Amino acid sequence: LLRSGEMTVENGEDGFYGKSVTAAEIAPTFRPTLLKNLHKVFTLDSLAPITSVLVGELAGNEVSPQIYALCGRGPSSSLRVLRHGMSVTELAVSELPGVPGAVFNVRDDKAVGKKGKKFYDRYIVVSFADATLVLSVGETVEEMGKESGFLTTEPTLACSALGSGDGGGIVQVYPGGVRHIQRDGVSQWHVPGIKKIECASANESQILIALVGGELIYFELDPMSGKLTEAAIKDVGSDVCSLDVGAVPKGRSRSLFAAVGCRDSTVRLLSLAPGKGSLLEQKSSTALGTTRPHSVALSNVEGEGGGEITLTVGLDDGSALRAGVDPVTGAISTSPSRRFLGARPVAVSRITLRGSSSTLLLSSRPWIGRAGEKGGRHAMAPMSYAPLDHGCSFSNEAVREGIVATSGNTLRILSVGDSGDAAAAASLGSEDDEAFNSNRVNLRYTPRQMCLLSARISESSRKIVLAIVESDANDYGMEDKKAMGFDGTGKSKSGSKKKESKGDDEAMDMDMEDSDDEEKKDGVDDEEDDEDDDDNTRQTPIRGPIPSEKGRWGSCVRLVDPADACSTLDCVEMNRNEAALCCASVRFHSRGGESLLAVGTVTGMTMHPLGHRESHVVLYRVVNGERLQLLHRTKVDNDGDKDIGPVLSLVHFQGRLLVGIGRTVRLYEMGKRQLLKKCELRGLPAMVKTLQAAGDRAYVGDMMQSIQFLRYDSTGNRLVLVAKDRNPRPVTCTELLDINTVAVGDKFGNVSILRLPRGADVGAIDITGTRALWDSSREDATPKLETLCTYHVGEVVTSMTRAS
C-alpha cells in the first residue's frame, strides 16, 4: 500500500502484477461484521458536539420547558431532549369515574419477595367525595366490590394493613368512624355524637384520627387479640388540618412520634410512647408564620450512627419545610430548610426509592426528596412529568419501586428512572442538588440546524412540529448505500441469529426438578442479558463507505413531532450531492401567513478549495402536520460573481424571506414557480454566517468580521448598513437580546454583548437626498457598535438561545 493510496501485489517469481487501485475504489465493498471478540462494558454518554439548541415547552403536558439539542456527527448524530428533573416511565393510565380526593396502597403480607423482606401491594384504594373505589393488584388491576370488606359508599381518609401477618387485617378510616376488616368479620367504631373525622393517619399498628374542633383519638392494635383498642384522647385546642403517625422503624413495633398540623399555623410533635401521661404528650412545636400546613410526613432515615427522623411539611403557599427531629427527645430542629416548589399547596407522602425512605412532594410540579448517601446532605429534584394531585408508593412483582398517583380524573402508575429502579435515583443521591435526564432520537446525518413550524391540522387547531436539516460531507446518500448493500447496524444478521437460537431453545424440552428449573431460568436470563448487550454493541452505527470523488454529500430534511416523543413524521432525502445547510420558518403575506419551511442547499460543495456548483432555496409546505410537500426550488445564480456563495442562513423578514448568500444579503418574495428577488446588499466583508431580524432591522453575522446592523428602506426598496463592529470576530452564532443589543459567540470561545449607540441609526437613511454619495460610503462615517461585556467560555460557542 503506497502513500499515494495505490495498492499492488508482489509475487516472488513474476514480480508486480495485478491492477493498481486506490483505497477509495475498494471502500464500497467493505461490509461491517458482527462483533465477536469485543463486549461492551460501559458507555459514557456525551452531547458533544452540539450544533444547535432550542428551548421551549413543546411536549404539551409539562410545566417546565425542554432543551432540544442537535448533537453528534455522522452516524452517531442524535436529537437530545433534555429535561430538568428525574426521568419518569409511565407504566399505566386509566380513566376514573370522577376526580379523586386521595389514593392509598394496602400491602399484601402473603406476597413475600425472594429475600423474605419485600412486601407487595394488595389493593389500591381511591377515595372520592362520596365514594371509595377499591382496585385489586395482581397480574392485572381489577375493580373490587363488597368482597373487599371496604365501605365503598363513604370517602376514605386513611387505610392500611395491620400487623406483620395476615391476622391483623385492614383498617379503613372514613368520616363516620373506623372500620376494621378481618377474616372472621368486620368491626366498626363510630364517632360519638354528631362530630365527624376531619383527617386521619395509620400504619401497621397505630391509628390517629382528628375530629372537628381539634380532638385527637389514638388507637393501637393489640398484638395478642388482633383487635383495635382506644388508647388516648387529647384536645389540642385548634382545628387539625393534617397529621401523620409515621412509619414503623425497623426492629420496632411502633412509631414513637406523630406530627400534627393545625390551622393556627403551627406543627406539633406528639409522643406515642407507651405509658401513663406520655401518650399524645406534646414534645415540641414550630411556628410557620402566616401560612398554614397542608400536609405533614415523618420519615425514618437509617444511617451508620443510628436512625434519623425527618419532618417534612407541605405548606399552602406552595413551599415545603424540612426539619430534623431528635429521635430521643422529639425536639424539632431550630434551623429548618424551606424551598418553594410551585403555585399549588404541597401534598407530602412517603415512598421508597432505591431501597430507602423518600418523600414525594406534589405541587404544580412533582418533586422527590431523599437523604444523601453515607450521611450526605438532603437532595431534592423535580420529576419530568405532568402535575399530579395525589400519590403514594406502589410495589408489585413487575414494579418493585413505583408510584401510584392521580392527575385529574386519571389513575397513573409510574416508575422513577428508565427501568423503574435506581437508575435515576443515583443522580439524586449524589452531591448535586438537581437531577437532569435526556432522551435520544437517532438521526441519519450530521444535524446542521432546526426550526419550529406551526402546521394547520384543521380550521381551528394547529400543531407545532420541528424541522431538522442534516448533511454529511464525503458520504453517500441513503439510496446509494442501499444499492451498495451497506448496513451499518448489522440488525439483519443479529435478527437472524436470534431466530436460530430461539428455534434451538424451543426444540429442547427436558423435565427437571424445581431447583434445576430455577438455575436454568437464571442461566437463561443471564444469557439473554448478554445477548441484549451484544445486540446493542452490534447495532453501534458505523460510517459508510467513502466516495472516491470530491463534493459528494448525503443529506435529508426531517420532520419530527415534539409532542410524541420526537417521533419522525417525514424524512425527505435530498438530491445526489446536494447538502441542506440551513432552514427557517417563513410566513409570506402573499400566501395568507401560512408557515412554510425554507431550506438552503448547496450542490457539489468542496472545502479545499471552497467552492460549489450551484445553490438553491427550497420551499416546503407541511401538509396536515404529518408530511412535507415540495412547492418549488429557486436557483441562486452566481454568474461568476465572487459575492455570491453558498446559502448559509435564512430568516423571516416582514412577510418575506431574507437570505444570506456568500457576501450578499438578498430579500425574496413568494412567487408561483420560484422566489422573486426584490433587493439585495452586496460587498459584505467575508461570508454571511448568521441572520436575525426584528422590525425593519436585520442583524448579519459575518464569518470573519463580526456583526453588521442593516435597515430596510421600504420607500427606496433597499437594504442600508446602519452600524458595524469595530473588532473582527469569527462569528459562529448570534442571539438577539433586544432591538439594539445582540449576543455574539465566536470560534475562539468568546461571548460578547454588542449594542447600537443611541441615535446611531437616525442618519442611516437619507430622506432629503442632499447627502453626497461619497460622504455616505466613507468607512469612518458608519457608526460603530459598543461592546458592553465579553466573557471567555473556553470552548467554541456553537449555538445560543434565550430561555427562562
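Structure summary
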read-out	value
J(HN,Hα) series, segment 186-194, from Karplus relation 6.51 cos²θ - 1.76 cosθ + 1.60, nearest Hz, glycine and proline x	10, 10, 10, 10, 9, 5, x, x, 9
Size of electric dipole in segment 594-752: Cβ of Lys, Arg +1 and of Asp, Glu -1, about Cα centre, debye, nearest 20	280 debye
Amide H contacts of GLY408 (H built 1.01 Å from N, under 5 Å, at least 5 apart or other chain)	ASP389
Trypsin sites (Lys or Arg not before Pro) restricted to DSSP loop in segment 657-746 with at most 10 other C-beta within 10 Å	LYS672, ARG673
Long-range HN-HN contacts of LEU443 with modeled amide H, under 5 Å	SER77, SER78, LEU79
Mean Cβ neighbour count within 10 Å, used as a protection proxy, ranking 440-453, 220-233 highest first	440-453, 220-233
Using θ = phi - 60° and Karplus 6.51 cos²θ - 1.76 cosθ + 1.60, couplings along segment 701-711 (whole Hz; Gly, Pro as x)	x, 8, 5, 10, 10, 6, 10, 10, 9, 10, 9
Extension gain, ASN624 back to MET484 (0.36 nm per residue minus Cα-Cα distance, nm)	46.9 nm
Cβ-derived FRET efficiency at R0 30 Å, PHE340 paired with ASN442, nearest 0.05	0.20
Where ARG350, ARG400, ARG83 fall by accessible area, highest first, once all protein chains stay in place (1.4 Å)	ARG400, ARG350, ARG83
In sequence order, calculated HN-Hα J values of segment 54-65 (Karplus, 6.51, -1.76, 1.60; Hz; x Gly/Pro)	9, 10, x, 8, 9, 5, x, 10, 10, 7, 8, x
Theoretical gain in end-to-end length, SER364 to THR741 [0.36 nm per residue, Cα-Cα removed]	132.2 nm
Rounded FRET efficiency, nearest 0.05, which uses the C-beta distance separating ALA287 from ALA231 and R0 of 35 Å	0.75
D_trans [Stokes-Einstein, Kirkwood Rh over alpha-carbon pairs] for segment 69-216, 37 °C, 0.692 mPa s, µm² s⁻¹	183 µm²/s
Point-charge dipole on Cβ atoms (K/R +1, D/E -1) for segment 670-750, about Cα centre, debye to 20	420 debye
Farthest positive-ward along segment 228-284 dipole, Cα basis, beta-carbon charges - from CYS241, LEU280, LEU256	LEU256
Estimated FRET transfer efficiency (LEU452, VAL93; beta-carbon r; R0 25 Å; 0.05)	0.35
Additional length obtainable on full extension of the chain from HIS190 to LYS677, 0.36 nm per residue less Cα span	166.8 nm
Rg(Cα)/(2.2 N^0.38 Å) for segment 172-227, N = residue count	1.14
Two-site label geometry, LYS635 and ARG73: point separation in nm, points 7 Å out along Cα→Cβ	3.2 nm
Global form of segment 610-693, assessed from the alpha-carbon gyration tensor, a/c cut-off 1.5	prolate
Nonlocal amide H pairs with LYS689, under 5 Å, H built at 1.01 Å	GLY701, ASP702, MET703
Listed residues GLU204, GLU735 arranged by accessible area, highest first, probe 1.4 Å	GLU204, GLU735
Virtual spin-label span in nm between GLU669 and LEU788, 7 Å along Cα→Cβ	3.7 nm
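The values are calculated or read from the model by the stated rules, or taken from the named source; none is laboratory data. Predicted model only: the values in this text are computed from it and were never measured. FYI the Cβ positions are ideal-geometry reconstructions off the backbone, even for glycines, and counts take in every protein chain you see. Ligands, DNA and RNA are excluded from the accessible area calculation, which covers all protein heavy atoms including side chains. Shrake-Rupley method; radii C 1.70, N 1.55, O 1.52, S 1.80 Å.
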